[in-house]
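Step one of this worksheet: look at the structure below.
The values are calculated or read from the model by the stated rules, or taken from the named source; none is laboratory data. Note that the structure is a prediction, hence the values are computed from the model and not measured. Backbone-built Cβ (ideal geometry, glycine too); neighbour counts: all protein chains shown. The accessibility values were calculated without ligands, DNA or RNA, using every heavy atom of the protein model including side chains. Shrake-Rupley method; radii C 1.70, N 1.55, O 1.52, S 1.80 Å.
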Amino acid sequence: VQLQASGGGLVQAGGSLRLSCAASGRTASNNGMAWFRQAPGKEREFVSGISWNGGITSYSNSVKGRFTISRDRVKNTIYLQMNSLKPDDTAVYYCAVARSAVASSVNNAYTSWGQGTEVTVSS
């Protein structure tokens, strides 16, 4: 499956962005999916995950209460609504398809990765 992430950009602190990740080539509708991010000089980290039917979502402590993940199984797309953005949210955001029906915070639980979309939050 190929993943195309979009929606990144430059925003001021306190602002909002909505990221999208569209899957093509093979349906990912029966797989968990997730967003990860990697800031300059840092390891890639889990941001948020969603199960195959959207019934189970998870968030890292750093984004809980500010970010919301959702998915449209018909469009084979997941979204990440990011509100109250902080400079610490600056990173390249990657979407990924899980090996299973649920999402995990572990990198090696994912089989396909998108190319990333850059988010920059200015103070």
Tally time: how many residues in region 7-30 are farther than 17 Å from Thr68 by Cα and over 14 Å from the mean Cα position of the chain (by Cα)? 12
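Table: residues versus (1) within 14 Å of Gly7 (Cβ to Cβ); (2) under 11 Å from the mean Cα position of the chain (by Cα); (3) assigned to a helix (DSSP H, G or I).
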position: Gly49; (1), (2), (3): no, yes, no
position: Gly55; (1), (2), (3): no, no, no
position: Val63; (1), (2), (3): no, no, no
position: Arg71; (1), (2), (3): no, yes, no
position: Asn108; (1), (2), (3): no, no, yes
position: Gln115; (1), (2), (3): yes, no, no
position: Val119; (1), (2), (3): yes, no, no
Can you tell me which residue in region 1-14 is most open to solvent (accessible area, probe 1.4 Å), limited to those that are among the hydrophobic types (A, V, I, L, M, F, W, C) and in contact with a Leu (Cβ under 8 Å, 6 or more places away or on another chain)? Ala13
Can you find even one residue in region 91-102 that is farther than 14 Å from Val47 by Cα, surrounded by fewer than 15 Cβ atoms within 10 Å (Cβ to Cβ), touching a Lys or Arg at 6+ places or on another chain (Cβ under 8 Å) and in contact (Cβ under 8 Å) with a residue 40 or more places away in the chain? no
Hey, could you check region 15-47 for residues that are open to solvent by 20 Å² or more (accessible area, probe 1.4 Å) and part of a strand (DSSP E or B) and say which is modelled with the lowest pLDDT? Ser24
Residues being surrounded by fewer than 14 Cβ atoms within 10 Å (Cβ to Cβ) and either in a strand (DSSP E or B) or modelled with pLDDT under 95 (or both): count how many of those fall in region 73-87. 2
Which of the residues spanning region 84-123 are in contact with a strand residue (DSSP E or B) (Cβ under 7 Å, 6 or more places away or on another chain) and among the polar types (S, T, N, Q)? Thr90, Ser104, Ser105, Thr111, Ser112, Gln115, Thr117, Thr120, Ser122
